[in-house]
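This report refers to the structure that appears directly beneath it.
The values are calculated or read from the model by the stated rules, or taken from the named source; none is laboratory data. These numbers were taken from a predicted model, which means no experiment stands behind them. Cβ placement follows ideal geometry from the backbone for every residue including glycine, while neighbour counts extend to all protein chains displayed. The accessibility values were calculated without ligands, DNA or RNA, using every heavy atom of the protein model including side chains. Shrake-Rupley method; radii C 1.70, N 1.55, O 1.52, S 1.80 Å.
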Amino acid sequence: LVIKVLNTYAEIWIDNVRVAQQAANHEVDLSPGLHKVELRNPAFATYRTEVLVDAGRTSICEHLFRKGEDAR
């Protein structure tokens, strides 16, 4: 799974485990299946999504934190 934070950095959590701190781009090997992704930046609301990882393929998760999405 390749995670891209397009305009800042994020603390990256996958399946409730922190895998990176202050990362803009991060790549992690995951087992096939559905995984929970959470991107945290103290200046914005936390972004949460689920990503389906297929065996032998690279999945991509991109996020752009936006002004007005304040931390909660």
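Things to note:
- Consider the range 53-72 and keep the residues that are over 9 Å from the mean Cα position of the chain (by Cα) and closer than 16 Å to K4 by Cα. The one that is most open to solvent (accessible area, probe 1.4 Å) is R66.
- Just so you know, in the range 10-24 the residues that are open to solvent by less than 80 Å² (accessible area, probe 1.4 Å) and not in a strand (DSSP E or B) include one that is farthest from F44 (Cα to Cα), and it is D15.
- Annotation: of all residues in the range 30-69 being among the basic types (K, R) and without any contact (Cβ under 8 Å) to a residue 12 or more places away in the chain, the one that is nearest to E11 (Cα to Cα) is K67.
- Residue in the range 26-52 that is surrounded by the fewest Cβ atoms within 10 Å (Cβ to Cβ), counting only those that are polar (S, T, N, Q) and more than 9 Å from the chain's Cα centre (by Cα): S31
- Options N16, N41: the member that is modelled with pLDDT of 95 or more and at positive phi: N16
- Given (1) open to solvent by 40 Å² or more (accessible area, probe 1.4 Å); (2) within 9 Å of the chain's Cα centre (by Cα), index of the condition V5 fails: (1)
- The single condition from (1) touching a Lys or Arg at 6+ places or on another chain (Cβ under 9 Å); (2) outside any strand (DSSP E or B) that G68 fails is (1).
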